[in-house]
1. For the range 371-396, how many residues are more than 19 Å from the chain's Cα centre (by Cα), of a type in the set (A, V, I, L, M), under 21 Å from residue 457 (Cβ atoms) and crowded, with 16+ Cβ neighbours inside 10 Å?
2. Mind listing whichever residues of the range 156-187 are hydrophobic (A, V, I, L, M, F, W, C), outside any loop (DSSP other than H, G, I, E, B) and near the ligand (Cβ under 8 Å from one of its atoms)?
3. Of all residues being among the β-branched types (Val, Ile, Thr) and not in a helix (DSSP H, G or I) in the range 130-155, which is nearest to the ligand (Cβ to nearest atom)? Just the residue, please.
4. Taking the range 475-530, which residues are modelled with pLDDT of 95 or more and of a type in the set (Ser, Thr, Tyr)?
5. Looking at the range 43-57, can you tell me whether even one residue there is near the ligand (Cβ under 10 Å from one of its atoms), in contact (Cβ under 8 Å) with a residue 24 or more places away in the chain and within 20 Å of residue 198 (Cα to Cα)?
6. Using beta carbons and a limit of 7 Å, which pairs, at least six apart or on different chains, have the first residue in the range 352-370 and closer than 17 Å to residue 146 by Cβ and the second one aromatic (Phe, Trp, Tyr) and in a strand (DSSP E or B)?
7. Mind checking which residues of the range 401-410 are of a type outside the set (A, V, I, L, M), in contact (Cβ under 8 Å) with a residue 60 or more places away in the chain and crowded, with 21+ Cβ neighbours inside 10 Å?
8. Conditions first: (1) in a loop (DSSP other than H, G, I, E, B); (2) surrounded by fewer than 17 Cβ atoms within 10 Å (Cβ to Cβ); (3) hydrophobic (A, V, I, L, M, F, W, C). Residue 97 passes all but one, so which condition is the exception?
Amino acid sequence: MDTELLLMVVICLLISTDGLTLEPTELLGVEGRLSVEATDVEMASLDFGGLSRDKPLAVLHPASVNDVVELMSSAYGSARGFTVSARGHGHSINGQAQAANGVVIEMSRLKGSWLRIGELAHSSSSSSSKGGFYVDVWGGELWIDVLRGSLEYGLAPRSWTDYLYLSVGGTLSNAGISGQAFNHGPQISNVYELDVVTGKGELVTCSEDKNSELFHGVLGGLGQFGIITRARIALEPAPQRVRWIRVLYSNFSTFTRDQEYLISLHGEPASQKFDYVEGFVIVDEGLINNWRSSFFSPRNPVKISSIAANGGVLYCLEMTKNYDNTTATTVDQEVEALLKKLDFIPASVFMTDLPYIDFLDRVHKAELKLKSKGLWDVPHPWLNLFVPKSAIEEFDSGVFKGILGNKTSGPILIYPMNKDKWDDRSSAVTPDEDIFYLVALLRSALVSGEETQTLEYLSHQNQMILSFCEKVGIKVKQYLPHYTTQEEWKDHFGDKWSKFLKRKMEFDPKGILATGQQIFQPSFTFASSS
Ligand code: FAD
């Protein structure tokens, strides 16, 4: 009997009887635990989005990389095959880490065993320009733990997500973006090397110079080519403190012009640019302090209602400047000099100052607050779009000032990025313009006040936004994409589709991996698809 069949028989027996003496773990030859317990199975069928729920047959809690290799080899070697999905921290929206009737590998449970700091020699290879410190981490490590571990050495990664309770493998499978991306690129542009267990069960070390097809494929690859078990992440000296600034605009063109000006400074010395540039749209009164990051200590408190008296939309530009003991004396002047170049509403400057880790971990505080009120574990029909710069005005009038009405049910982020900070060889997909915006509609299906914005209502509104873009010809790309048909995926990848397919054939020819992404349906055949 092949291993897969044996495994499935044991799983079925475990589900139907109590008295087995042989554990499936022993049969599979893994050190960790292969579980069919209801709590494990239930957990692996849930995610942050709460929109879909597919149960796996079993959940593997690996004890080492060998366990991942063992499971993948069994899945690949078996005659009928079973699907395998890595689950980082389950913070997907649409079941991307689920594996219906397959096995989910809980990556984020194996903690802390890996964190190793090192330094690259500048002259070693073609990636010599990337010389400097790095940290090697387990693929399931959470970014908060990567940060804490690196800070012990006075170092920190340089590109972030807004929220740190996400796994390294989970964000690298997408891109990993935040307000530092204009300067350092997304997280996938800040990785030197990976260990990946492919869909054929092979453990491969890859980088720009070594097995580069796999390296570039996996970065932004939606889990399709292999499971990241180790990532080597670029580090920089950690700043100690952060000056965090928000200013308001009522005019969209002025707001985006200032944002684009700030990101154009990426090549300037650190003293002459901000370290982080984001922004958000304020459609509802009160969202200056939205759940994503409450913000205290306004320097010049303004009444939002007095600025947007006509019920219009406001835009908030958000920036930070990092500093430490050596630059503490100059940070005020540097911030003032940069603010002078901007054209925000006078007297709308909100400023606060906090330790670096508190800034990076800002969303977690909001999470704890929402959790305590029972408002975190609700459906999240989030929509993240990359909008080309040339169409952002039209998007504003059609969506922010049109479709959304005066109620949003959650924060709406908007910030530009420089495309040349993204490596086009990766699997990540961005619009075909030098500058594009992230527009993130981070909404919760909640009952608030007298109005109810149900899941159906918000999902329908998302659809209206996508249809609007299609109708007026705005070539958006979804970030954290979710499609259900082959045609939509082909369209999403555009020029990159044939390469994506080729990589799939090479690294996961049986279509075992990350089926929750719904890119390659069970009926899919490679031959008929190119
Ligand atoms: P999971 O949801 O567990 O997995 C996502 C996909 O990656 C699945 O297909 C899974 O199979 C695959 N995968 C997971 N681990 C591995 C691995 N080791 N190897 C290969 N494939 C793997 N994104 C941003 O870019 N910027 C943000 O600021 C940001 N903020 C967020 C805030 C919140 C509150 C939430 C819920 C999400 C946010 N995201 C953000 C989105 C987030 O980056 C993605 O949803 C990411 O996939 C979540 O990571 P995870 O570890 O939970 O992945």
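1. 0
2. Passing the criteria: 168, 172.
3. Checking each candidate, the answer is 137.
4. The answer is 479, 483, 498, 515.
5. no
6. Pairs that qualify, where the first residue is closer than 17 Å to residue 146 by Cβ and the partner is aromatic (Phe, Trp, Tyr) and in a strand (DSSP E or B), are 359/244.
7. 408, 410
8. (2)
The values are calculated or read from the model by the stated rules, or taken from the named source; none is laboratory data. These figures come from a predicted structure and were not determined experimentally. Don't worry about glycine lacking a Cβ; one is built from the backbone with ideal geometry, like all the others, and counts go over all protein chains shown.
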